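The next block holds one structure in the form of structure tokens; read it before the comments.
The values are calculated or read from the model by the stated rules, or taken from the named source; none is laboratory data. Just so it is clear, the model here is predicted, and its values are computed rather than measured. Virtual Cβ from ideal backbone geometry, glycine too; neighbours counted across all protein chains shown. Quick note on the areas: whole protein, heavy atoms, side chains included, nothing else; ligands and nucleic acids left out. Shrake-Rupley method; radii C 1.70, N 1.55, O 1.52, S 1.80 Å.
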2 protein chains.
Amino acid sequence: MTLKRTHTCGELTAEQIGREVILNGWVGPRRDLGGVIFIDLRDRYGVTQVVFTEEDEALHEKAEHLRAEYVIGIKGKVIARGEENINSNLPTGEIEIEATDLVIYSEAETPPFEIKDGITTNDEVRLKYRYLDLRRPEVQEKLMLRSKFYQSVREFYHNLEFAEVETPVLMKSTPEGARDYLVPSRVNPGKFFALPQSPQTYKQLLMVSGYDRYFQIVKCFRDEDLRADRQPEFTQIDVEMSFVDEEDIYATHEGLMKKVFKDTIGYEVETPFPRMTYEEAMNTYGSDKPDTRFGLEFKDFSEIVKDAEFKVFSGTVKDGGAVVGITVPGQGDMGRGAIDRLTDRVKKETGAGGLIYIKMQDDGPLCSVAKFLTDEIVEQMVEKSEAEQGDLVLILAGPKPDVLKQLGQLRLMMGKDFDLIDESKYNFLWVTEFPLLEWDKETRRYHAMHHPFTSPREEDMELLDSDPAKAKARAYDLVLNGNELGGGSIRIHNSDVQSKVFELLGIGEKEAEEKFGFLLDAFKFGAPPHGGIAFGVDRAVMLLTGAKSLRDVIAFPKNQKAQSPMDEAPASVDEEQLEELHIDIRKSIKDQLS
Amino acid sequence: MTLKRTHTCGELTAEQIGREVILNGWVGPRRDLGGVIFIDLRDRYGVTQVVFTEEDEALHEKAEHLRAEYVIGIKGKVIARGEENINSNLPTGEIEIEATDLVIYSEAETPPFEIKDGITTNDEVRLKYRYLDLRRPEVQEKLMLRSKFYQSVREFYHNLEFAEVETPVLMKSTPEGARDYLVPSRVNPGKFFALPQSPQTYKQLLMVSGYDRYFQIVKCFRDEDLRADRQPEFTQIDVEMSFVDEEDIYATHEGLMKKVFKDTIGYEVETPFPRMTYEEAMNTYGSDKPDTRFGLEFKDFSEIVKDAEFKVFSGTVKDGGAVVGITVPGQGDMGRGAIDRLTDRVKKETGAGGLIYIKMQDDGPLCSVAKFLTDEIVEQMVEKSEAEQGDLVLILAGPKPDVLKQLGQLRLMMGKDFDLIDESKYNFLWVTEFPLLEWDKETRRYHAMHHPFTSPREEDMELLDSDPAKAKARAYDLVLNGNELGGGSIRIHNSDVQSKVFELLGIGEKEAEEKFGFLLDAFKFGAPPHGGIAFGVDRAVMLLTGAKSLRDVIAFPKNQKAQSPMDEAPASVDEEQLEELHIDIRKSIKDQLS
């Protein structure tokens, strides 16, 4: 290399006029005007205009070869741009460099898509040429914010004397919840490691070991069927604290959010955050992660309609279900066609059986099932709904909790459709008092709603024997604008309670011993009360950058088939490698592949 | 929990005398003296003495139940210790807490070893009960230093605007060098991911993408046969920079060492670091990671003895080998028995054929092979050796580079045996100008000495065609006290040069395309000159803490069979899991296991 930069492409201003400088970077758009060649030279830090005049013929000729994405070094003098050429949108917009030397480090073929913001290239092409996609300024901005995010988080915890500890990536398989990724062991034939779904057991052991406060930004892995917004590997902020209760976790992490939002996007987060129980969230918003940036709170009409002749209402209530609605302001004049389309969409997307409405028209409420209801009932419903003239009340009836979830989805649709969401807001919310268990109809057993290490509430311990479904957990989620940002719980720190919970989860003594014996053992040697939380880094950065997909905030993401189109991972491997690992591909697959 | 701590066990001093406080922690040694119960209460921050008098009978009785490692909360008043009981070794040594309340959070069985420093419990037991081993203060200190180390490193790079970027853990298998750990893909039957041996290709792609300066503290994986000091997963500081040459890498990372040593152990590192070429290091110290904390530099006697009648000398030189020695100060009176034992040890540990010596005795030099040499030759050797009266010259003869390595090992033995190493020193050294290739006798092909992406020196490009073995690489290692702390290189950024190097390494066009096609492609779209380095975190922390093994600075390490005795990973997995992954354990192994 012969031209070592003195400055980046983002830092020269009028202050440096007259100075001789060297810049390195990528060639952007080039313009030839009356024999003078202008190029935009780009690096991560910005863009600077470089000018090649006709004065130095050899240099000019060399500059004529420059094409987009060539990597070059230039030497030259910082000069002021003419008044009319000043670009006030650019930090370097007052100056340009009159080049006196040029080195081409690397030529470039024409890229498959332009290196600029706002391209519409499809995702697979962008993933195949991810190294070019990563070159686009809007992608770089997101990843640079992510870089800042990491350090802001870590500063926060280190300032509070949290111990940063790395936990193993090669651990034991304990399939619970999601599927494990497995890693065959060569040295231990027939045995497998698993990649962590989370470092849960390790961080609890660290508390038993007296590390007091632990944090780590750590990769986790879940071999799940990939929905639009999932990745096989994801990053979480993992935290555990000893001698704490919920209040300590809340206060600490409100502080974290305050710092991170300030450091990354300059937003002042207000604390403390509001709190809502799981029950209230479900009954009011039909979601355990309600978006509280807009209203449309649920109104429960069950009591009003329980004796109505209309069986869809009264029958539902009698069977333990609910009749609930939301009031959409100003949509009382929605036409028949629009309502029909909405009804179809609700049925399709939420699984609801139908949609009932009351239009608050000038001449009084118009209810879609008026003929089955008394005027009195409609009136009471209107009153309950707090609907005003011109509003639209949308009503669903069905078994709980399904109907609440369906109405929750309808609420979100309405919020989006009618622009009810204030996008400038960051609404944080602690959701608390989750049920300890949830019944899985399919497997006919309880699952841990959070995870098997979550402590029941002290006052609910008895319920574990008498009515476990009613027991509430010391679990909490942090919700931001309708997204689950993180969640955690106060843990069980007593091996007897832990064994009892395992039992409720259908994990027998032998299985518990096999899978988690070391944790149960550890609790026998003096375990402090402890609790923790984990936050999804990918999601948090997505929300901070306004990205539309997790893929946009991950440097090298996988596609929806868990593949990397760039390097074609996963790939076939040599027979030798498999032999060394004592495994074989199943014959049916081999036959298909060959 | 009812007693929420107001202070940690490490912070109370005479300043708080009279204050009511609450502490939480683990019960250490308990002493009952004349009805008064004393306990040491311990947490990560320190130890505080707690006193239970007989005044409150109920409390005293409760305290009588306390045993080692119980986890408790106590409330009490900070009082001054009697003059005679002040412990000036302890930050809290001037005070004690007179307890007024006690909560036992958790009882404890007697641990399998004492929770204190300097235990001699064997490694397997310590690993099985790792959560207890981690509780010992000397282990906690090391891991807390490691925690500080991480953040010091990150502050350094973030201050310099490096982009912190996470690279995938699930990547493509490109077996080169060490064995990959493989991860079968469920969604892509018959295909496998590999865990990264290093994020090498990704960090180079990030340079192609214009990230300019990248760093990451990242887990890497190598499925190698485990020597005493290896772990299947290890942590590295991974760095790459664009538009740089060796000088930028050196200067930047001398700064890193300065900051990290200051932040973690308060040591002032002097910069710049000395440099030595690979050739000089091998010829002077018989190692590419010389410990320069002591002398015993090699003396080459080959020229002096090349015509000696003694065939062991002259024959060796004639065959291109060398006769080299070191001068051990003050050991000229080593007895026959000691010399014989040393000779046996040298033969056994280094593989040398024999050991020749010259003792610098009062009555002149005594050479072990004097009868085969002229006095003149011995005299010249003595002169060359710079030995003085009382010194011992140890000489090896043999083919190069074997004999140099053997003498290098002998030098280290002597350094340790005779306490020639100043343990208070931190001697950094850049080793430079490594050969690009090394010849592998077994596979009869070249291997990349650093890795296949390392750039040859500009002036050696021609040698790639004419005499590749002579080509030097733009590679460098940072050595500290005889340990390789890190290494890196300026990379190839041109697909033609890269293809040529692949060819030299016996990686055919098809194979190169299959394995690294995406990198070669990326280089075609404008690649900046770039280079980088990686440092071993485990080793660095080991050196900083004076730990004797990597295992001592890793929270949950594996043993030498790559197993975790604590949770018994790796373990057997369910047949269902294997079926989902389309793999099977080979029949021979299954038969053994069943």
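Before moving on, here are some points about what is shown:
- Estimated inter-spin distance, A:ASP496 and A:LYS590, nm [label 7 Å along Cα→Cβ]: 5.5 nm
- Summarising the amide proton neighbourhood of B:TYR105: residues at separation of 5 or more, or on other chains, whose placed amide H is nearer than 5 Å comprise B:VAL71, B:ILE72, B:GLY73.
- For the stretch B:397-479, trypsin sites (Lys or Arg not before Pro) are listed when DSSP marks them as loop and at most 10 other Cβ atoms sit within 10 Å of their Cβ; the list is B:LYS441, B:ARG444.
- Shortest-first nm distances, B:ILE265 label point to equivalent points in other copies (7 Å, Cα→Cβ): 4.4
- The stretch A:419-471: GluC sites (Glu not before Pro) in DSSP loop, at most 13 other beta carbons within 10 Å: A:GLU423, A:GLU442, A:GLU462
- Inter-chain neighbour count for A:485-496: the average number of beta-carbon atoms from partner chains within 10 Å of each residue's beta-carbon is 1.
- Estimated from the Cβ-Cβ distance and a Förster radius of 35 angstrom, the FRET efficiency linking A:MET334 and A:GLU280 is about 0.75.
- As a calculated quantity, the FRET efficiency between B:ASP300 and B:LEU226 at R0 = 22 Å, using C-beta atoms, amounts to about 0.05.
- For chain B, the alpha-carbon coordinates run over 94, 76, 57 Å along the three principal axes, in decreasing order.
- Inter-chain Cβ neighbour count for A:98-105, averaged per residue, equals 1 (cutoff 10 Å, partner chain atoms only).
- Residues of the stretch B:352-373 falling in the label zone of B:VAL312, defined by backbone nitrogen less than 20 Å from a point 7 Å along Cα to beta-carbon, are B:352-361, B:365-373.
- Partner aspartates and glutamates for A:LYS472 [C-alpha distance under 12 Å; skip if fewer than 8 residues away on the same chain]: A:GLU279, A:GLU433, A:GLU438, A:GLU458, A:GLU459, A:ASP460, A:GLU462
- With distances taken between every two different alpha-carbon atoms, the stretch B:1-125 has a Kirkwood hydrodynamic radius of 14.9 Å.
- Restriction of the GluC sites (Glu not before Pro) in the stretch A:257-360 to DSSP coil positions whose beta-carbon has at most 13 other beta-carbons within 10 angstrom yields A:GLU268, A:GLU270, A:GLU309.
- Under 23 Å from A:LYS77, Cα to Cα: lysines that are on another chain or at least 8 residues apart: A:LYS4, A:LYS62
- Averaging the Cα positions of each part gives two centres, and for the stretch B:274-315 and the stretch B:328-352 these lie 18 Å apart.
- Model label zone, A:GLU388; criterion: amide N under 20 Å from point 7 Å along Cα-to-beta-carbon; scope the stretch A:343-378: A:358-366
- Percentage, to the nearest whole number, of Cα pairs in the stretch B:469-566 over 19 Å apart: 62 percent
- Across peptide A:579-592, the average count of Cβ atoms from other chains found within 10 Å of a residue's Cβ is 5.
- Computed accessible area, A:ASP263, all protein chains, 1.4 angstrom probe, square angstrom: 60 Å²
- Residues in the stretch A:294-421 average 51 Å² of solvent-accessible surface per residue, probe 1.4 Å, ligands and nucleic acids excluded.
- Sequence-distant aspartates and glutamates (8 or more away, or on other chains) whose Cα lies within less than 15 Å of B:LYS561: B:ASP123, B:GLU124, B:ASP223, B:GLU224, B:ASP225, B:ASP229, B:GLU233
- Note on the protein assembly as shown: Cα convex hull, mean projected area over all directions, 61.6 nm².
- Simple rule: put +1 on each Lys or Arg Cβ and -1 on each Asp or Glu Cβ in the protein assembly as shown, find the dipole, and look at B:TYR426, B:ILE533, B:TYR446; the Cα lying farthest toward the positive end is B:TYR446.
- Too-long pairs where the Cα-Cα distance tops 18 Å, listed order kept, from B:LYS191/B:LYS590; A:LYS172/B:LYS128; B:LYS306/B:LYS400; A:LYS172/A:LYS558; A:LYS219/B:LYS259; A:LYS259/A:LYS416: B:LYS191/B:LYS590; A:LYS172/A:LYS558; A:LYS219/B:LYS259; A:LYS259/A:LYS416
- Per-residue ellipticity at 222 nm from helix content only, as computed over the protein assembly as shown with -39500 (n - 2.57) for each DSSP H run of at least four residues, stands at -9000 deg cm²/dmol.
- What separates the B:ASN87 label point from its copies, with the point 7 Å along Cα to Cβ, is 6.9 nm, written shortest first.
- Taking a point 7 Å out from the Cα of A:THR374 in the direction of its Cβ, the residues of the stretch A:308-325 whose backbone N falls within less than 18 Å of it are A:308-315, A:317-318.
- Dimensionless Rg/Rh of the stretch B:294-421 - Kirkwood Rh, Rg from C-alpha atoms: 0.93
- Each copy carries a label point for B:THR121 at 7 Å from Cα along the beta-carbon vector; from one copy to the others these points are 5.7 nm apart, nearest first.
- Between helix A:336-350 and chain A: long-axis angle, C-alpha atoms, 0 to 90°, nearest 10: 90 degrees
- Helix A:509-523 and the longest principal axis of the Cα set of chain A meet at an angle near 70°.
- Per the Debye formula on identical point scatterers at the alpha carbon atoms of the stretch B:393-522, with no solvent, log10 I(q)/I(0) at q = 0.17, 0.18 Å⁻¹ is -0.99, -1.05.
- Added length on full extension, which subtracts the Cα-Cα distance from 0.36 nm per residue, A:VAL125 to A:TRP439: 108.7 nm
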